[in-house]
1. Tell me, what % of the accessible area of the range 149-218 is carbon and sulfur with a 1.4 angstrom probe?
2. Can you list the lysines whose alpha carbon sits under 18 Å from that of K340, skipping same-chain ones fewer than 8 residues off?
3. With the full set of protein chains in place, find how many percent of the accessible area of the range 304-440 is carbon and sulfur; take the probe as 1.4 Å.
4. Tell me the per residue accessible area of the range 347-440 using a 1.4 Å probe; a whole number in Å² is fine.
5. Heads up, I need the accessible area for S174: 1.4 angstrom probe, whole protein in place, Å², nearest 10.
6. Using a Förster distance of 56 angstrom, determine the FRET efficiency expected from the C-beta separation of Q396 and A153, and round it to 0.05.
7. I'd like to check one number: the per residue accessible area of the range 153-202, probe 1.4 Å, reported in Å² as a whole number.
8. If you rank V336, V61 by how much accessible surface each has, with a 1.4 Å probe, what is the order from largest down?
Amino acid sequence: MEFSSRVRQKHARLAGDRREQYPHSLQFYLEPPTESISLVEFESFAIDRLKLLKVIENLGVSYVRSTDSYKTKLENELRKLKFPYRALAEDDYEARRKDHISHFILRLAYCQSEDLRRWFLQQEMDLFRYRFNELTESLMQKFLEYVNLSFEAIGEDLKNELANELCASTPGFSLLKVKEQMFYKVGLADAVDLFRARRVFIKDGFAYVPFKEIDVIVLNNYRTKLSKALALTARSLPSIQSDERLQPLLSHLSHSYVGPDYSVQKNTGKISLEQIDALSVKSFPLCMRQLHRALRDSHHLRHGGRMQYGLFLKGIGLTLEQALEFWKKEFIRGKVDADKFDKGYAYSIRHNYGKEGKRTDYTPYSCMKIIMSNPPSQGDYHGCPFRHSDPELLKQKLQSYKIPPSGINQILELVKGMHYQLACQKYFELTHDVDDIGFSLNHPNQYFTESQKLLSGGRELKKEINNSGNFQQKNSQENINSSSTPTSSNATADTELEGLEAYFTED
């Protein structure tokens, strides 16, 4: 009995310590974690949070943030990755600990450039906004006190005195609603956004903010603190990068792809070289379609293009023997003779398949790797067209592929907002005539696989079947017009594709 009593007392103390360490599942991340964790846990926490932020980015473009669809999908992701999703609803110490530690790990990884900082700040802001707006009024009040943002609530006498002004200055408020709603007296500097939008009453240097608008002030405060923290973290990077354990992990995280690596494909050897022209039109992402077209036109690609396109072809199922034949046939149509190809280019192809050098079996490039590394220069065709192409040239390319003007405008808006992978998702939707692809696109080989599943009926179309038929007919016509060096007729290629598309629906 005494032993059981001591155990209960110990557990009670631990629970108390935990509640004291993370009294709220929502925080400003002002204090970095001080505990020791393993490198395995370090990487696991970081990857899970990166997955979460990627989902937030995708949802933010696909859905209006305040809608039920947005909230439901985000809550499901928080549940799945074991992050806090109902603030103060339960004793979720492990989830709060993971949330705290993972934020600071990604802060280290994403402070290294202006683009990375901007992306991280935006996704963390969206996550915080969702969590804060899920709080009840009483929990919001407790959180404001916790982060020292306890603004002065005005008394009933003053509220009644200013009722007409508050009603006129606060959109959507009637006199009855003014009397029911709590108002706060906030310094004008903290309410600049509300003042600019003419959403609050201003008097004597103070804004009178209704409780429902307090999230704008809290979010601005959080943005300011996190932005400064990222800048300070960037200054500390040299000392952190000297740690041989952390530097490779942090460098990897900022360019990280967290899905399948497509190094082993069940369709290896199932694709013939005669199918590639037709596949490039129907199922290649824009980056690979561009490389294929450049290879067919000039019969050559520079090293960056050969690596990006060669590993993609390996990922969709080309064997080593097929790859050697494919590249050799195309190169000898240009200025490279067979002997020069065998001596100068065949080795690197065998190397990519793990048959030369260190025998490393190289994996196809992910979207992040293509976007973030080795930008193309004059005469190169590799890279991400949404990231590396001039907007006007991109527009012309999309027009040549018969993308409708409204679709082109949507893609260019996403590109302008630096949402390059989401622009590629929109390209997928437009070329496959679907409203919502239902997944986050992170890899060129994922694009190919999902395209084949959809075209063969493995995924449910969002529009009418006759629209899909029109799409396939349109692309078949485009293939006839654009493939200047086909290795077989389009009719033969389409017949062969039927068997390949059926294959992608197998388990």
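1. Working: 1880 of 3740 Å².
In the range 149-218, the share of accessible area belonging to carbon and sulfur is 50 percent.
2. Here the lysines satisfying the reach criterion relative to K340 are K328, K329.
3. Values: 3260 of 6560 Å².
Whole-percent figure for carbon plus sulfur exposure: 50.
4. Computed with neighbouring chains in place, this is 51 Å² per residue.
5. The value for S174 is about 60 Å².
6. Once the sixth-power term is evaluated, E becomes 0.45.
7. In whole numbers, the range 153-202 has 60 Å² accessible per residue.
8. The most accessible residue leads, giving V61, V336.
The values are calculated or read from the model by the stated rules, or taken from the named source; none is laboratory data. Note that this is a predicted model, so its numbers are computed, not measured. Positions of Cβ are generated from backbone atoms using ideal geometry, with glycine treated the same way; all protein chains shown enter the neighbour counts. Calculation scope for accessible area: heavy atoms of the full protein, side chains included, ligands and nucleic acids excluded. Shrake-Rupley method; radii C 1.70, N 1.55, O 1.52, S 1.80 Å.
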